[in-house]
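Below you'll find the structure, written out as structure tokens, and then a few comments.
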Amino acid sequence: MSTNPQDQEIDLGQILKNIRAFFESILDSLFEFILFLKKNSIIIIILLILGFGLGYLLDIKNKSYKHSIIVAPNFGSADYLYAKVNLLNSKKKEDDTVFFNSIGIKDIKHFNKIDIEPIIDVYKFIDYKKENFELIKLMAQDGDIEEIIHDDVTSKNYPFHVINLKTSDTVNYKSTVLPILQFVNDSPYFETVRKQSLENINEKMVANDSLISQINFLLDAFSSTSSNNQKSDKLVYYNENNQLNDIIKTKENLIIEQGINRINLINSDKIVKEISSVLNIKNFEGTNNKMKFILPFILLLSFFLLFKTRKIYKEQIAKRS
């Protein structure tokens, strides 16, 4: 089936004509916009200044601050910690001033939100307990590793968590952070567990010190024997059976364990141990501290839409007259 060359020329000409009309409409719109700016330049400048000024005042009035309290829940108290923080947020939504006064926070009108989330660090999670590596490997066989890492159950087993607080004014440590930490540490059950745990660590350290002393005595005895150049059967026994190396390795492991125990003593003085607190960070999320830029844009857009609507209305009236 043949195609008429004349029809092809007409189609091509029509396409070119449509393209030309498209670009002309863009140029017309651009020129019309320039004329709009020129004609209404004074109004536009006034709206920009007014919008910036009002936005600036709103930014000053509606201040927003973020505060972060990094904590480490001890003795398996992660679920307990999350429940306590959720209770705080629930009481804030209810504006329960009696409750907050009872825990030492006198003014909650500037409180906006309080929540908690894990600090996701797989390497610390694995290092925290060696069994965790095998656990992740096992769970990854049946699911996506990324999903498992962020899973709620897994998340609560990370060693560090951050309590996030948002307020409309600055806060200080003594009147805000300290009462929150005292509240999350108020648990008779976990306090009993904490004291028993400290006793266990101290007993373990005493036992380890005793073992290290015994090992030192054996090593001193062996060193004394070696210095006398006595190639006794004991020396051959040590060399052949690697018992000397095992003793030295045991001592090294005990010293490492003692170091870990000393750190655990420091970290176990609280049920929920505060690691660090960062307060009064200006919050720039969402529209916070951006109204000085958003409001001028809204005013200009509203003015342009009003102008366009008025023009369309006049055109429609003209058609019908």
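Each value in this text was obtained by applying a stated rule to the coordinates, not by laboratory testing. All values derive from a computational prediction rather than experimental measurement. We place every Cβ from the backbone using ideal geometry, glycine too, and count neighbours over all the protein chains shown.
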> Mind ordering 21-34, 172-185 by average Cβ neighbours within 10 Å, highest first?
Replying inline: 172-185, 21-34
> So which of 84/113; 61/292; 63/106; 66/292 end up more than 18 Å apart by C-alpha?
Replying inline: 63/106; 66/292
> Classify segment 246-321: rounded, prolate or oblate, from the alpha-carbon gyration tensor (a ≥ b ≥ c, eigenvalue square roots; a/c under 1.5 rounded; otherwise prolate if a/b is larger than b/c)?
Replying inline: prolate
>> Under the 0.36 nm per residue contour assumption, what length would be gained going from the current alpha-carbon distance of residue 115 and residue 213 to full extension?
In response: 30.4 nm
>> Let me check against my output: what whole-number percent is the relative contact order of segment 23-120, with C-alpha pairs under 8 Å and at least 6 apart?
In response: 18 percent
> Rounded, prolate or oblate: which fits segment 18-58, taking a ≥ b ≥ c as square roots of the Cα gyration tensor eigenvalues, rounded meaning a/c under 1.5, else prolate when a/b beats b/c?
Replying inline: oblate
